Amino acid sequence: MVKLMLALDVMDKDKALKIARETSEYVDAIKIGYPLVLATNLKIVKEIKELSNKEVICDFKVADIPSTNEKIAKLTLQYADGIICHGFVGEDSIRAIQNVAKENNKKVIMVTEMSHPGAVMFMQPIANELAKLAKKLGVDGVVAPSTRPERLKEIKEIVGEIPIVSPGIGAQGGDLEKVLEILSDNDYIIVGRSIYNSENPKESAKMYKEKLKNRE
Ligand code: NUP
């Protein structure tokens, strides 16, 4: 089954813990990014992991020189099960993160093409090259857009067995039906606002989970 990753981009600790607790029955993984970590601190990752008992991925889109990437990865992967990094900074920068991840048995997920409209300016022209690099390096996942199913398909064809982690369903307008025709078992859809901003996040997470189940 395609998995559900909750993007927990709320900026209040109690709200984050409440939503993580309420939705954990229906989500397979929780993604924590700058909004929540900067509003609290890195230890929130540990707390969410303990409370939800789910895979927790830090979406820090790391994009620095190898030695700085290494430091960021070491700090993040103390608590998180995986980290999202950018690929455009090049092979050495990604390898620096992979080295830390391998020592700790953690995941490195690399961004190829982002989901927002502006990604067509600079990212889309190099995204297939980034996907090829992801495959060469054997990363544990790649981010590709649910907002552009044709691009999602192309990137998936390039990376083959590497799991896809795909944002854009819900608030960004991605078409879940179309996306589920492309994704396969072990891939993830990422859903944020349409779960955590809904009146009933638990029900919303349940609805997404059921849609994923029904596609089997
Ligand atoms: O290309 C990307 N698009 C994207 O939306 C790469 C991402 N990591 N994200 C993240 O996915 C974004 O930062 C947010 O955390 C989540 C999507 O959230 P939402 O649009 O469902 O609220």
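Details
- Conditions (1) under 16 Å from F60 (Cα atoms); (2) within 16 Å of the ligand (Cβ to nearest atom); (3) among the hydroxyl-bearing types (S, T, Y); number of the one not met by S93: (2)
- Residue pairs whose Cβ atoms lie under 7 Å apart, sitting 6 or more positions apart in sequence or on different chains, and linking a residue in segment 166-195 that is among the polar types (S, T, N, Q) to a partner that is assigned to a strand (DSSP E or B), are S166/Y188; S166/I189; S166/I190.
- Some residue of segment 2-18 being within 15 Å of the ligand (Cβ to nearest atom) and more than 28 Å from E113 (Cα to Cα): yes
- For segment 24-41, the set of residues classified as of a type outside the set (G, A, S) and farther than 21 Å from V143 by Cβ consists of E25, Y26, T40, N41, listed by residue number.
- Looking at D92, D64, D28, D12, just one residue is within 17 Å of the chain's Cα centre (by Cα) and acidic (D, E), and that residue is D28.
- Yes/no for G118 being within 11 Å of the ligand (Cβ to nearest atom), more than 17 Å from the chain's Cα centre (by Cα) and surrounded by fewer than 21 Cβ atoms within 10 Å (Cβ to Cβ): yes
Throughout, read-outs are computed from the coordinates displayed, never taken from laboratory work. Please read these numbers as outputs of a predicted model, since none were measured by experiment. Positions of Cβ are generated from backbone atoms using ideal geometry, with glycine treated the same way; all protein chains shown enter the neighbour counts.
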